[in-house]
1. Mind listing whichever residues of segment 108-161 are within 14 Å of VAL184 (Cα to Cα), within 14 Å of the ligand (Cβ to nearest atom) and of a type in the set (S, T, N, Q)?
2. Of all residues in segment 134-156, how many are among the small types (Gly, Ala, Ser) and buried (at least 24 other Cβ atoms within 10 Å of the Cβ)?
3. Would you check which residues across segment 86-114 are of a type outside the set (Lys, Arg) and surrounded by fewer than 19 Cβ atoms within 10 Å (Cβ to Cβ) and list them?
4. Only one of SER262, SER267, SER240 is closer than 29 Å to ASP62 by Cβ and polar (S, T, N, Q). Can you tell me which?
5. Which residue pairs have Cβ atoms closer than 7 Å, lie 6 or more positions apart in sequence or on different chains, and pair a first residue in segment 231-242 that is assigned by TED's automatic domain parsing to the domain that holds HIS149 with a second residue that is within 16 Å of the ligand (Cβ to nearest atom) and charged (D, E, K, R)?
6. So which residues in segment 174-213 are under 21 Å from the mean Cα position of the chain (by Cα), over 21 Å from PRO280 (Cα atoms) and not small (Gly, Ala, Ser)?
7. What residue, among those in segment 166-191 that are closer than 11 Å to LYS251 by Cβ and within 16 Å of the ligand (Cβ to nearest atom), is surrounded by the most Cβ atoms within 10 Å (Cβ to Cβ)?
8. Strands (runs of 3 or more DSSP E) wholly in segment 109-197 with at least 1 residues that are in the same structural domain as THR253 (by TED's automatic domain parsing) and modelled with pLDDT under 95 - which ones?
Amino acid sequence: MSRAALLVSLLLLAAPGRPGAGSDQDQDHDQEHGSKDPPHSQEKGPGHSHWSYEDREHWYVDYPDCAGTMQSPINIDITKTIFSPQLRPIQLSGYSLPANQKLKLRNNGHTVLLELPDSLAITGGYAQQYRAVQLHLHWGSLSGHGSEHTVNGHRFAAEIHVVHYNTRYDSFKEAMVHPDGLAVLGAFLEVGPRENPYYQEILGHLYKIQEEGEEVLVPGFNIAGLLPANLKLYFHYNGSLTTPPCYQTVKWTVFNQTMLLSHDQMSILVKTLRNDDGKPLQKNYRLVQDLHGRRVLASFQTTLVSARQLPSEGPSSSSFHAGDVLAVLFGVLFAITAMAFLLYIYKHRSQNTRLESPTKSKVIYTAASTENTV
Ligand SMILES: [Zn+2]
């Protein structure tokens, strides 16, 4: 399906007069990455969507974008990242919420999702401003890690995604079909020695939403505490939603610093929720996708030896090209000099050969040997 066709179907979904469905309920429907399902998937009622992680190799049948060439997640190969000094620290505003502001926490059958008010925003680090919509987590099982992105092939225990949409669009739904529509902040979770009080604001309520579709209101807290303290060090690339409909409209930020949860917190995350089959909701991550030539930028020098500096635009770009031209020029000059030198040596040696020839004859013409044979 073309993007235009998808847009049309989304507009149809958003059209007024749809029976029984206020726009609120629409937004409440599966929002893993805020994604919406096409109409036919809503037969099982609100909150349900028919795709599953077991079926992830076939997502593209109903959602063609899932077979695209800019899909997420990806493996971040540190040695191939490109240092870009233009990547400024990520700045968050409005992330600290008062406890009297209640937030909806929901088990949507694919993840635990916390709805966020649009007063939260990314105000720095991106070329444009983005408003928050929701955050959710990806995890593994008691025996295996479950982050979506990997770094040098390493999978972390879990991963948080905070989903935002570009303020140039009126809504998340409108933004999600545009190439510059979405920004997702991702961070890795690992097991550490202490309980994490910010994650406890979510994990402490999971037992109330064990079944798919259940939701609970939780007090507001400092949402920024769920993300690393260091917002300067990150990777950046263009990708997609990691769940259907896999729209390729996400500008990804994956932080370098990881978040620590206690062992008990991690097992609560992994063990508590169930999916629509009543089975444990586990391993809700998509496998890494091919880069198809995409470049992953780093806001910092990953290694002094391997990190290549991104040729930037503007004056420094032209100086980069001038350097190239000079290098080629010197190369050619060197080659000419070397050729001339070799030619000189060759000529010189040819002359020597001609001069030496009589000498050699002289050796053969040794009177003594003749004398000896006599
Ligand atoms: Zn996600």
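1. Across segment 108-161, the qualifying residue is only GLN134.
2. Count: 1.
3. Once the filter is applied, which keeps residues that are of a type outside the set (Lys, Arg) and surrounded by fewer than 19 Cβ atoms within 10 Å (Cβ to Cβ), segment 86-114 yields GLN86, PRO89, GLN91, SER93, GLY94, SER96, PRO98, ALA99, ASN100, GLN101.
4. Testing whether each residue is closer than 29 Å to ASP62 by Cβ and polar (S, T, N, Q) leaves just SER240.
5. Correct list of pairs: ASN238/LYS251; SER240/ASP65; THR242/GLU148; THR242/ARG286.
6. Scanning segment 174-213 gives MET176, VAL177, HIS178, PRO179, ASP180, LEU182, VAL184, LEU185, PHE188.
7. Result: LEU182.
8. Those strands (runs of 3 or more DSSP E) do not exist here; none qualify.
The values are calculated or read from the model by the stated rules, or taken from the named source; none is laboratory data. Model, not experiment: these values are computed from the prediction. Glycine gets a Cβ as well: all are built from the backbone with ideal geometry, and neighbour counts include every protein chain shown.
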